[in-house]
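Just so it is clear, none of the values below were taken in a lab; they were calculated from the coordinates. As the structure is a computational prediction, the values presented were derived from the model and not from experiment.
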Amino acid sequence: MLADFQRQHTKHSSLDFLDHITLLWAQSEDRLTAGVYESAKIMTDDPDSVSFCVLAMDEEFQCDIALQIHFTLIQSFCFDNDISIVRVSDMQRLAEIVGDKAEPLEDAHCVLITVSDGSWEDPALEKLHLFCEESRRLNDWVPEISLPER
């Protein structure tokens, strides 16, 4: 049992790092969309271009019914369109990772990674997809991962 816990903890730690690297890589290639409304627009206009979704929760989420409804709709859309999705609990840290240093990101509650030619075959993204697939088999439909500290 301890070995299973250690394997799972190691898997999540490496996934946390992998998620961080994947976000930075997608950002460098200008393939990130941040913001609930901006993400919904991309999902509506070109759902086939969306490869991965990160939903970030914070204190605001618990009190904002509209945001909770948006999350439910985004999750449903992702499930219906076979888009892998994860949840992170630190919206501020996600904003730091994907935001521009000169201009703070106002809404990082939803971040999408879109694809360009050939990017479907990215090994880091593929590992994240496999993790999400495995989590769904274990009835963890929107797995939560931690973003690494600075």
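Beta bridges per DSSP, both residues in segment 45-150: antiparallel share near 40 percent.
Residue separation times 0.36 nm, minus the C-alpha to C-alpha distance between Glu38 and Arg136: what's the value?
Values: separation 98, 0.36 × 98 = 35.28 nm, distance 2.63 nm.
That pair, Glu38 and Arg136, stretches by 32.7 nm at full extension.
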